[in-house]
Every structure is written in structure tokens, then in C-alpha cells.
Amino acid sequence: MYAAPSIQKLLDELERLPGVGPKSAQRIAYWILNADKATALRLSEAIAEVKDQVRFCSRCFNYAEDELCEICRSAKRDERTICVVSEPRDIPPIERTAVYDGVYHVLGGALSPMEGIGPDDLRIVELMKRLSSGEVTEVVLATNPNVEGETTAAYLARLIKPLGIRVTRPASGLPVGGDLEFADEVTLGRAIETRREV
């Protein structure tokens with residue numbers, strides 16, 4: 001497909017976004033072209049603003065606009081419990097559950113020997129420093145339930161347990177409204193293993 005150089009440049013940049021292929025890039029580009037100039041400028045200003053103002057929280061490494069993120073600044077959070085996640089994007093789903101009131105620690109990835117990511121590439125030293133205060137009573141290892149996440153959780157558990165801190169992992173199970181026949185074996189197996197009394 002022929003496109004004017006400026007349109008092609010936009011298409012090329014949009015295709016670099018994760019999950020955006022050529023067709024999605026075209027839809028977004030044409031939406032931008034058909035939008036009024038003020039709308040397009042608001043989008044570009046929002047992108048520039050987020051790149052200028054957002055950094056990592058100095059305590060937990062979540063995204064923040066100040067030295068500390070909103071969660072670390074909140075007096076309502078239980079600082080005795082730290083939920084460890086791989087990336088900042090893992091925090092909003094946990095927050096949406098409205099059942100967790102502790103604080104977080106973002107590792108910045110997961111252990112992956114195949115990709116050359118070892119313990120020194122993650123924020124494990126910073127986590128251990130936070131745990132050395134003696135105030136933390138529980139660490140929730142909420143890394144993804146895949147090979148890398150499980151490896152990371154097992155590694156962290158070995159480091160943390162000798163400190164006398166309770167180490168937990170969210171139970172894995174069936175999605176609400178899911179049918180047993182459509183559940184994969186690993187999920188169903190974990191749901192049965194972590195069953196609780198009714």
C-alpha cells in the first residue's frame with residue numbers, strides 16, 4: 001500500500017508498539033488523521049508528558065510522578081506486607097480486587113536463564129534491604145504463574161524464609177464463571193491442590 005511519507009512514518013512507529021500489527025496500525029493512523037487537530041495534539045502531549053514526568057518510585061519501583069508512588073505515600077497501607085511483582089503493570093489488577101492493602105515491590109522482570117536474566121538483573125538487593133528493617137511480617141510472591149515466575153518465586157522464597165518472614169503465593173485456580181471442561185490441566189490441578197474447606 002502506498003502512503004505519503006509522513007503517514008508511512010506514523011504507520012512504522014505504530015507497528016513498533018506491542019500487539020500492534022499492520023492492520024491495527026492502519027486503523028490507529030486513520031483515526032488520528034480523521035480526528036480534529038486538538039484531539040491529535042492532546043494525544044501527543046499526553047505521550048510527551050508521561051515520558052517527562054513519570055519515573056520509578058524510589059522505594060518500590062512502581063511508576064510515580066514524585067519521589068514515592070501514591071501507594072508508598074499512603075498512610076492507609078499496611079507496610080508489614082509486601083507484594084512482590086515482576087512489572088509495574090502487574091499492580092493495577094491486584095489493586096482492582098480491593099482485597100490487598102499492603103505495599104509492593106517491583107522486581108523489573110523475572111529470572112530467565114534462557115534470556116540471560118539472572119538475580120543481579122532484578123531488584124532483589126533492594127527487596128532484601130527493605131526486609132532487613134524487621135518490620136515486614138509477610139511477603140506475597142505474586143510473580144506470573146509461568147516457568148520464569150515460578151522460578152523467581154522459588155528463588156526469592158529461599159532467600160526470604162531464613163529471615164523468619166512469612167512467604168506466601170496467591171492461590172492458582174479457576175476463573176469465576178469458568179467451566180471445568182475448558183480449564184487446562186495445570187490450572188485445574190492447582191485449584192484442587194489449593195482447595196479450601198467450605
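The values are calculated or read from the model by the stated rules, or taken from the named source; none is laboratory data. These numbers come from a predicted model, not from an experiment. Neighbour counts are summed over all protein chains in view; Cβ atoms, including those assigned to glycine, are modelled from backbone coordinates with ideal geometry.
Side notes on the structure shown:
- Of the residues making up the stretch 96-111, those that are over 15 Å from Cys60 (Cα atoms) and surrounded by fewer than 17 Cβ atoms within 10 Å (Cβ to Cβ) number 4.
- Test: residue in the stretch 41-58 that is in a helix (DSSP H, G or I) and within 19 Å of the chain's Cα centre (by Cα): yes
- From the options Gly109, Gly149, residue that is modelled with pLDDT of 95 or more, within 17 Å of the chain's Cα centre (by Cα) and not aliphatic (A, V, I, L, M): Gly109
- Taken as a whole, the structure leaves Glu49 outside the set of residues that are of a type in the set (Asp, Glu), touching a helix residue (DSSP H, G or I) at 6+ places or on another chain (Cβ under 9 Å) and not assigned by TED's automatic domain parsing to the domain that holds Gly109.
- Test: residue in the stretch 6-20 that is exposed (fewer than 13 other Cβ atoms within 10 Å of the Cβ) and either touching a helix residue (DSSP H, G or I) at 6+ places or on another chain (Cβ under 7 Å) or hydroxyl-bearing (Ser, Thr, Tyr) (or both): yes
- Counted residues, the stretch 52-71 - those being surrounded by 12 or more Cβ atoms within 10 Å (Cβ to Cβ), among the charged types (D, E, K, R) and farther than 20 Å from Val125 by Cα: 3
- Within the stretch 72-93, no residue satisfies the criterion of being in contact with a strand residue (DSSP E or B) (Cβ under 9 Å, 6 or more places away or on another chain), surrounded by fewer than 19 Cβ atoms within 10 Å (Cβ to Cβ) and of a type in the set (A, V, I, L, M).
- Against the conditions (1) surrounded by 17 or more Cβ atoms within 10 Å (Cβ to Cβ); (2) modelled with pLDDT of 95 or more; (3) over 27 Å from Arg55 (Cα atoms); (4) hydrophobic (A, V, I, L, M, F, W, C), Ala157 satisfies every one except (1).
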